[in-house]
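The values are calculated or read from the model by the stated rules, or taken from the named source; none is laboratory data. On a predicted model such as this, the values are computed, not experimentally measured, just so you know. Please note: Cβ atoms are built from the backbone with ideal geometry, for glycine as well, and neighbour counts cover all protein chains shown. Calculation scope for accessible area: heavy atoms of the full protein, side chains included, ligands and nucleic acids excluded. Shrake-Rupley method; radii C 1.70, N 1.55, O 1.52, S 1.80 Å.
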Amino acid sequence: NIHKPKYNIIAKDDKSRLYIQITREKFPRIELVRFSQINKTVKNFIFGPFTSDKVVRSLLSGIRRIVPYCLQKIRNGKPCFYTQIGLCNPCPSEFIFLKENKSRNQLAIIYRQNIRKIKNILEGNIYRVKIQLEKEMQRLAKNEDFEKAALVRNQIHLLNWLLQKKVDPMIYLQDEQKIYQEINQELEGLLKILQKYDAHLNSLARIECFDVANLGSQYAT
């Protein structure tokens, strides 16, 4: 749904904000669109607005590793490049022009199921998708198809990662105190983790990180 908070100027000015759109085609597409690009005469599924381009692109990238989908704009009967690296499977361009048969219909069903899973994730029904994947993994393992079961297991691990808390950096423009709240929460979380390993700590003042960069194979900084 599209929300325009009355007193939130940053979120209300959404002309350049990005939205995720799932089209209502026979084989739906997932697209990033601006507000001006939304076709209000067609009731596509719209999610947003997102206050950070980086956040929404990272979100879709993470989802695609869990549930593959196609980005190909022109479906010409040839599978797209991403089928080779598992990010588009099945590719609609591969089966859309095939004659109706059992194999083609099965691919179409899988594609629509993938889109439905993505829609559930974007609607916040992530646990529903997780349960579906767990059942699929158990079915594959029972049939001794361990290679595919391992792939589904990896998808579940990625879904768990997606469930973890993500912070949109744009919130700091709306609330300057938010950054201090986040820092305190991270410190408390790290302290609890360290205490599990018998670290004799009662409090943490700060977290320091060092990034080691190399110019070529030399000059470590």
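Quick one: how many residues across segment 44-69 are in contact with an Asp or Glu (Cβ under 7 Å, 6 or more places away or on another chain) and not aliphatic (A, V, I, L, M)?
Kept after step one, since they are in contact with an Asp or Glu (Cβ under 7 Å, 6 or more places away or on another chain), are these residues of segment 44-69: 49, 51-52, 55.
Now narrow it down to the ones that are not aliphatic (A, V, I, L, M): 49, 51-52.
Residues that pass the stated criteria total 3.
Determine whether residue 153 is free of Cβ contacts under 8 Å to residues at least 12 places away in the same chain, open to solvent by 100 Å² or more (accessible area, probe 1.4 Å) and among the basic types (Lys, Arg). Spell out how you get there, then give the answer.
Values: free of Cβ contacts under 8 Å to residues at least 12 places away in the same chain: no; open to solvent by 100 Å² or more (accessible area, probe 1.4 Å): yes; among the basic types (Lys, Arg): yes.
For residue 153, the condition - free of Cβ contacts under 8 Å to residues at least 12 places away in the same chain, open to solvent by 100 Å² or more (accessible area, probe 1.4 Å) and among the basic types (Lys, Arg) - is not met.
Checking residue 111 against (1) assigned to a helix (DSSP H, G or I); (2) among the aromatic types (Phe, Trp, Tyr); (3) open to solvent by 70 Å² or more (accessible area, probe 1.4 Å), which single condition isn't satisfied?
Exception for residue 111: condition (3).
Does segment 7-15 include one or more residues that are modelled with pLDDT under 90 and among the acidic types (Asp, Glu)? Show your work before the answer.
Filtering segment 7-15 for residues modelled with pLDDT under 90 gives 7-15.
Among the residues that remain, those that are also among the acidic types (Asp, Glu) are: 13-14.
Yes, segment 7-15 has at least one match.
Restricted to segment 59-86, and to residues that are part of a helix (DSSP H, G or I) and of a type in the set (D, E, K, R), which residue is surrounded by the most Cβ atoms within 10 Å (Cβ to Cβ)?
Step one: filter segment 59-86 for residues part of a helix (DSSP H, G or I), giving 59-66, 81-85.
From the residues that got through so far, the ones that are of a type in the set (D, E, K, R) too are 64-65.
On the way: 64: 19, 65: 16.
Across segment 59-86, the extreme among qualifying residues is 64.
Just to verify a result, which residue in segment 33-57, among those that are of a type in the set (A, V, I, L, M, F, W, C) and outside any helix (DSSP H, G or I), is farthest from residue 122 (Cα to Cα)?
The first filter runs over segment 33-57 and keeps only residues of a type in the set (A, V, I, L, M, F, W, C), leaving 33, 35, 38, 42, 45-47, 50, 55-56.
Checking the rest, the ones that are also outside any helix (DSSP H, G or I) come to 33, 38, 42, 45-47, 50.
Working: 33: 15, 38: 18, 42: 19, 45: 10, 46: 10, 47: 7, 50: 12 Å.
Going through the qualifying residues, I end up with 42.
Quick check on my filter: what residues within segment 87-102 are more than 27 Å from the chain's Cα centre (by Cα) and open to solvent by 80 Å² or more (accessible area, probe 1.4 Å)? Explain how you work it out, then say what you get.
Initially, segment 87-102 is screened for residues more than 27 Å from the chain's Cα centre (by Cα), giving 97-102.
Scanning segment 87-102 gives 97, 98, 99, 100, 102.
Examine segment 161-173 for a residue that is closer than 29 Å to residue 26 by Cα and at pLDDT below 80, and state whether such a residue exists.
Filtering segment 161-173 for residues closer than 29 Å to residue 26 by Cα gives 162.
Those still in the list that are at pLDDT below 80 too: 162.
Yes, because at least one residue in segment 161-173 is closer than 29 Å to residue 26 by Cα and at pLDDT below 80.
Just to be sure, is residue 54 modelled with pLDDT under 85 and within 25 Å of residue 154 (Cβ to Cβ)? So that I can check it myself, show each step before the final result.
Numbers: modelled with pLDDT under 85: yes; within 25 Å of residue 154 (Cβ to Cβ): yes.
For residue 54, the condition - modelled with pLDDT under 85 and within 25 Å of residue 154 (Cβ to Cβ) - is met.
Looking only at residues in segment 120-137 that are of a type in the set (Lys, Arg) and open to solvent by 50 Å² or more (accessible area, probe 1.4 Å), which one is nearest to residue 163 (Cα to Cα)?
Within segment 120-137, the first condition is being of a type in the set (Lys, Arg), and the residues that meet it are 128, 130, 135.
Still in the running and open to solvent by 50 Å² or more (accessible area, probe 1.4 Å): 128, 135.
Numbers: 128: 12, 135: 19 Å.
For segment 120-137, the residue satisfying everything is 128.
Of the residues 50, 27, 45, only one is open to solvent by less than 50 Å² (accessible area, probe 1.4 Å), hydrophobic (A, V, I, L, M, F, W, C) and closer than 29 Å to residue 76 by Cβ; which?
Values: 50 fails: closer than 29 Å to residue 76 by Cβ; 45 fails: open to solvent by less than 50 Å² (accessible area, probe 1.4 Å).
Checking each option against the conditions leaves just 27.
Might you let me know whether segment 68-88 holds any residue that is closer than 26 Å to residue 48 by Cα, touching a residue at least 60 places away in the same chain (Cβ under 8 Å) and in contact with a helix residue (DSSP H, G or I) (Cβ under 9 Å, 6 or more places away or on another chain)?
Taking every residue of segment 68-88 in turn, none turns out to be closer than 26 Å to residue 48 by Cα, touching a residue at least 60 places away in the same chain (Cβ under 8 Å) and in contact with a helix residue (DSSP H, G or I) (Cβ under 9 Å, 6 or more places away or on another chain).
Any residue in segment 42-56 that's closer than 12 Å to residue 32 by Cα and in contact (Cβ under 8 Å) with a residue 60 or more places away in the chain: show its pairings with residues that are polar (S, T, N, Q) and open to solvent by 40 Å² or more (accessible area, probe 1.4 Å) at Cβ separation under 9 Å, as long as the two are six or more apart or on different chains.
As it stands, the answer is 47/1, since those pairs meet every condition given.
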